[in-house]
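Working notes, beginning with the structure itself.
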Amino acid sequence: MVNGFRYLIIILAASLSVSSCTRSEKLPAGILAKEEMIKILKEVYISEEKVNRLGLNRDTSEKVFNYMEGKVYEKYGVPDSVFDASFDYYMDRPKEMEQIYTALVDSLQLMEQRAPSTQN
C-alpha cells in the first residue's frame, strides 16, 4: 500500500509538472485573458445585432454601434486600445483565436436556446 501511495504521489507530481509546462505562455502586459475576450466579444456581438435590428441607415447605425461598443468596454473597465491590442495578439495566434471564437459561438448558441421563442 505504501508503494502504491508513493507511485500515486510520483504520478501526480509528474502530471502537475507536465501540465504546468504545457500551459499557454504568460500573457504580456496589456493583453486580455481569453475569458475576458470572450465576455467582451459576446457583448459586442449582441450590441451589433441590436443595432442591426433597428434598421437605421449605415452612418447612423455606425455611430450608434460605436457608442454601444464603448459602453461595453466601459462596463469591463477596458480601454478600446487594450481590446484592440488583445485582438491583434490573438489574431497572431490562430489556435488561441479559434478557441476564443469556439467558446463565443457556444455561448451565443446557448443564449439563443435559452431565450424565449418569439414564434407563435
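Structure values in brief
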| read-out | value |
| --- | --- |
| Some residue of the stretch 82-93 being of a type in the set (Gly, Ala, Ser), in contact with a Leu (Cβ under 6 Å, 6 or more places away or on another chain), surrounded by 13 or more Cβ atoms within 10 Å (Cβ to Cβ) and more than 19 Å from Met111 (Cα to Cα) | yes |
| Candidate set from the stretch 94-120 (those that are exposed (fewer than 11 other Cβ atoms within 10 Å of the Cβ) and hydrophobic (A, V, I, L, M, F, W, C)); member that is nearest to Ala29 (Cα to Cα) | Leu110 |
| Val64 being within 23 Å of Lys26 (Cβ to Cβ) and either modelled with pLDDT under 95 or β-branched (Val, Ile, Thr) (or both) | no |
| In the stretch 101-117, residue nearest to Ser47 (Cα to Cα) [restricted to those that are among the aliphatic types (A, V, I, L, M) and part of a helix (DSSP H, G or I)] | Leu108 |
| Some residue of the stretch 17-25 being among the polar types (S, T, N, Q), at pLDDT 95 or above and closer than 30 Å to Gln109 by Cα | no |
| Near pairs, Cβ below 6 angstrom, 6+ apart or cross-chain, from the stretch 29-43 (within 14 Å of Ser81 (Cα to Cα)) to any residue that is assigned to a helix (DSSP H, G or I) and not hydroxyl-bearing (Ser, Thr, Tyr) | Gly30/Val82; Gly30/Ala85; Met37/Ile100 |
| Options Ile46, Ile10, Ile38; residue that is out of contact with any Asp or Glu (no Cβ under 7 Å at 6 or more places or on another chain) and at pLDDT below 90 | Ile10 |
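The values are calculated or read from the model by the stated rules, or taken from the named source; none is laboratory data. None of these values were measured; they are calculated from a predicted model. When we count neighbours, we look across all protein chains shown, and the Cβ atoms used for this are built from the backbone with ideal geometry, even at glycine.
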